[in-house]
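Worksheet: one structure, shown below.
The values are calculated or read from the model by the stated rules, or taken from the named source; none is laboratory data. Just so it is clear, the model here is predicted, and its values are computed rather than measured. Here the Cβ positions follow ideal geometry from the backbone for every residue, glycine too, while neighbour counts run over all protein chains shown.
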Amino acid sequence: MIRFDHVSKHYPGHRGALSDITVDIADGEFVYLIGPSGAGKTTMLRLIMRDLIPTSGTVVVDEWKLSSIPTSQIHHLRRRVRTVYQDFKLLTDRTVYENVAVGLEVLGKNEREIAKDVIKVLSLVNLEDKYGLFPLQLSAGEQQRVSIARAIVGGPKILLADEPTGNLDPDTAGEILDILEEVNSIGTTVIMATHNASLVNERKKRTLALDDGSIHSDEAKGRYHVQKKKHANA
Amino acid sequence: MRTLKTAWKHIRRSPYQAMAATLAMFLTFLLTGFFFLTSVASAVILQYFEGKPQITVFFRDQASQEDASGLTTTLQASGKTAQVRYVTKEEALATYKTLFQNDPLLLEMVTADILPASLEVSATSPQYLDDLAQTIASYGGKGDIIEEVVYQKDVVDALISWSNAIKVIGGVLAGLLAVDALLIVMTVIGMKIALRRDEIEILKLVGASSWYIRLPFLWEGALYGIWGATASWAVLIGVIVWMRPVLLSFLEAIPVFVTVLSNPTSTIFLTGSAALLGILLVTGFLLGIIGSAVSVGRYLKF
C-alpha cells in the first residue's frame, strides 16, 4: 500500500512541486497519473521510490515510512519498487539478456536462477527471440519492453512508469500498456504517469489528475480531464 | 564473486587505463623491492662486520695474561661489549699458519715469540665503538702493556652511512613512486566511475546496494596493485637468479649470502622469495585499494 499524507514538496528557489497531497493507493491497483507538464507527476513517482524526500508530510510504502529510511537501506525499497522511464535507461553495451539480468544480479541470484527468470520475463514481453541483440538493434517499442522486463524481473511489488509511451507511436504505446496491464494482473501495483489522453480514456483505470501540484480529481474510471481543460483554456 | 567478475569486465573494457595503472604499480614495487633487498643485504653485511672483532688490542711482550684480564674486566664492566676474547701468542701463530698455509717461506720465518698476544673486542652496537676506544685509551698503564690498538671503526662507519643512505634514498624514492601510483589509480578509477555514471544510476534504480556498486571499483584498484607487485617480484627474483654468480663472487666471504644464493631451489631461497612476494602482494593490495577507495569515496556518494 502507498500512502501520501499531507505531502508537500518544494524545490529550493522554485514554487512548490506538490502541495498538501493526501492519497492512498491499494495493493494491486493500476493508477494513471495525469496532468500537464510541471503538475507534479514525476515528483510523486520520485517520492515513492525515495529519490526525493517530502518537504512536509509523510510518504509510506508498505511498512516503510520513506523519510526514515537511511540512505544505505534505500536499495531494499528499490528492489520492491521498480521504475520504467520514457528514455528506457538501457545499457547500450550490453545485450537484451544482460540488461534484464542486471535486475536479478543485484539480488544476488545465481546464474541458473537468472537464466530461468530472464527467459520468463522476456517471453512475457515477447522478446525471447531477441535476447542476444543490443538495445541499439531494437525499435523504440522493443527497447521499452526490455526496460519493463528489467523492472519486473525479480517480482517487484510496485511498478512506476514515468511516461513509458512518450516516445512511442500509438500502436506500440498500446502494446506497452497491454504488457503493463498483464504485469498488474499478476498482482503488481502499477502507477503510470502519462500525457497520453487516448490511452487513459480507452483503458478506464483509476486516474489521479494533478494540476499545479495538487490533486485535481481522483476517479475510479477516469478520463483525461486536466489535459482537456488546459486545451480548452489555451 | 560477482563483484570481482564485474571488476574484470571493467578492466577488459578499458585495457590501456588498466595497463597504465599496473605499470605505475610495477615500477613502484620494482624500485621499492630493489631498495628493500639492498637494505636487507646491507644490514646482513653490517651484521657480519659487527660480528667480527671490531677492536684488536695488541699487547707488548712484557704484558701478562693478568694485565689482559684487567682490561677485559674493565671493558666488560661498560656493558657495551658483545664479546671480549684473549688470543695468546700460540693462537695467533695458529691463525697465521692458517692464513699463509700456501706460503711455506713465510711460515718458516715466524714463531710464536714474535707474534703479539691480543684482545679481540666486539661491541654490542657499532655506536659504542668510540666509547670502547676511549676506555682502552684511558686504561691505566696503557703505555706499558699495550703495543697498538687497531679497530675497524672506519669500515663499519662507512657501512652504516651507506646503509643509511640506501634507506633514506630508497625510502624517499619509493614514497614518491607510491604517491604517483596512488594518484594514477585514483585517476583511472575516477575516470571509470565517470564513464559508468549511467550504469551506476541504473544499478541504483534496480536496487543495487552501495557496496554492490562500489566493490568492483575497489577490486579493480586492488588487482592493479596485485598485478604490479607480482610482476615486479618476478623481475627482481629473475635478476637475482641471473646475477647469482656475480653476487656470489662479491659476497662469498659472508656465509649468509653463500647459503641463500648458492642454490635457487633451496628451501631458504624459496622461503625468502615467497616472503618477498607476500610483502609485495600485501603492500600492492593495500596501495591499490586505498587509491580506489579515495576515488570511490569522492565520486560515489550515496
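So in segment A:96-134, with the set limited to residues that are assigned to a loop (DSSP other than H, G, I, E, B) and within 13 Å of another protein chain (Cβ to nearest Cβ), which one is nearest to A:Gly187 (Cα to Cα)?
Of the residues in segment A:96-134, the ones assigned to a loop (DSSP other than H, G, I, E, B) are A:106-110, A:125-127, A:131-134.
Of the ones still in play, those that are also within 13 Å of another protein chain (Cβ to nearest Cβ) are A:106-110.
Details: A:Val106: 22, A:Leu107: 20, A:Gly108: 23, A:Lys109: 22, A:Asn110: 25 Å.
Result: A:Leu107.
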Within segment A:177-204, the residues that are at pLDDT 90 or above and surrounded by 18 or more Cβ atoms within 10 Å (Cβ to Cβ) are A:Leu177, A:Ile179, A:Leu180, A:Val183, A:Asn184, A:Thr188, A:Thr189, A:Val190, A:Ile191, A:Met192, A:Ala193, A:Thr194
### Query
Any residue at all in segment B:228-244 that is away from chain A (no Cβ under 11 Å), in a loop (DSSP other than H, G, I, E, B), farther than 14 Å from B:Phe285 by Cβ and without any contact (Cβ under 8 Å) to a residue 24 or more places away in the chain?
yes
The number of residues in segment A:178-215 that are free of Cβ contacts under 8 Å to residues at least 60 places away in the same chain, more than 20 Å from A:Ile158 (Cα to Cα) and under 14 Å from the mean Cα position of the chain (by Cα) is 0
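Conditions (1) under 30 Å from A:Ala101 (Cβ atoms); (2) in contact (Cβ under 8 Å) with a residue 60 or more places away in the chain, marked per residue:
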{"position": "B:Val156", "(1), (2)": "no, yes"}
{"position": "B:Gly171", "(1), (2)": "no, yes"}
{"position": "B:Arg196", "(1), (2)": "yes, yes"}
{"position": "B:Ser249", "(1), (2)": "no, no"}
Practice task
Test B:Thr28 against the stated conditions and say whether it is modelled with pLDDT of 90 or more, within 23 Å of B:Gly272 (Cα to Cα) and either touching a helix residue (DSSP H, G or I) at 6+ places or on another chain (Cβ under 7 Å) or within 14 Å of another protein chain (Cβ to nearest Cβ) (or both).
Solution key: yes
Considering residues that are assigned to a helix (DSSP H, G or I), more than 17 Å from B:Ser138 (Cβ to Cβ) and out of contact with any Leu (no Cβ under 6 Å at 6 or more places or on another chain), the number found within segment B:50-95 is 9
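Name every residue in segment A:135-178 that is small (Gly, Ala, Ser), in contact with a strand residue (DSSP E or B) (Cβ under 6 Å, 6 or more places away or on another chain) and assigned to a helix (DSSP H, G or I), in order of residue number. Walk me through how you get there before you give the answer.
Keep residues of segment A:135-178 that are small (Gly, Ala, Ser), which gives A:139-141, A:147, A:149, A:151, A:154-155, A:161, A:166, A:173-174.
Imposing the further condition that a residue be in contact with a strand residue (DSSP E or B) (Cβ under 6 Å, 6 or more places away or on another chain) reduces the set to A:147, A:151, A:161.
A:Ser147, A:Ala151 - these are the residues of segment A:135-178 that are small (Gly, Ala, Ser), in contact with a strand residue (DSSP E or B) (Cβ under 6 Å, 6 or more places away or on another chain) and assigned to a helix (DSSP H, G or I).
Would you please name the residue that is farthest from A:Lys41 (Cα to Cα), looking only at residues in segment A:56-77 that are within 14 Å of chain B (Cβ to nearest Cβ) and either in contact with a strand residue (DSSP E or B) (Cβ under 7 Å, 6 or more places away or on another chain) or at pLDDT 95 or above (or both)?
We begin by selecting, within segment A:56-77, every residue within 14 Å of chain B (Cβ to nearest Cβ); these are A:61, A:64, A:69-77.
Of the ones still in play, those that are also either in contact with a strand residue (DSSP E or B) (Cβ under 7 Å, 6 or more places away or on another chain) or at pLDDT 95 or above (or both) are A:61, A:77.
Working: A:Val61: 17, A:Leu77: 20 Å.
If we take residues in segment A:56-77 being within 14 Å of chain B (Cβ to nearest Cβ) and either in contact with a strand residue (DSSP E or B) (Cβ under 7 Å, 6 or more places away or on another chain) or at pLDDT 95 or above (or both), then A:Leu77 is farthest from A:Lys41 (Cα to Cα).
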In segment A:108-131, anything among the hydrophobic types (A, V, I, L, M, F, W, C) and either closer than 24 Å to B:Thr6 by Cα or in contact (Cβ under 8 Å) with a residue 60 or more places away in the chain (or both) is listed as A:Ile114, A:Ala115, A:Val118, A:Ile119, A:Val121, A:Leu122
Against the definition (charged (D, E, K, R), more than 14 Å from chain A (Cβ to nearest Cβ) and either surrounded by 16 or more Cβ atoms within 10 Å (Cβ to Cβ) or at positive phi (or both)), how does B:Lys192 come out, yes or no? no
| task | Can you confirm whether segment A:161-174 contains a residue that is over 15 Å from A:Phe88 (Cβ atoms) and at pLDDT 90 or above? | result | yes
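If you go through segment A:61-76, how many residues are of a type in the set (A, V, I, L, M), more than 27 Å from B:His10 (Cβ to Cβ) and surrounded by 17 or more Cβ atoms within 10 Å (Cβ to Cβ)? Spell out how you get there, then give the answer.
Here is the first cut: in segment A:61-76, the ones of a type in the set (A, V, I, L, M) are A:61, A:66, A:69, A:74.
From the residues that got through so far, the ones that are more than 27 Å from B:His10 (Cβ to Cβ) too are A:61, A:66, A:69.
From the residues that got through so far, the ones that are surrounded by 17 or more Cβ atoms within 10 Å (Cβ to Cβ) too are A:61, A:66.
Count: 2.
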Flagged in segment A:78-89 as facing another protein chain (nearest Cβ under 7 Å), within 17 Å of B:Asp198 (Cβ to Cβ) and surrounded by fewer than 21 Cβ atoms within 10 Å (Cβ to Cβ), in numbering order, are A:Lys89
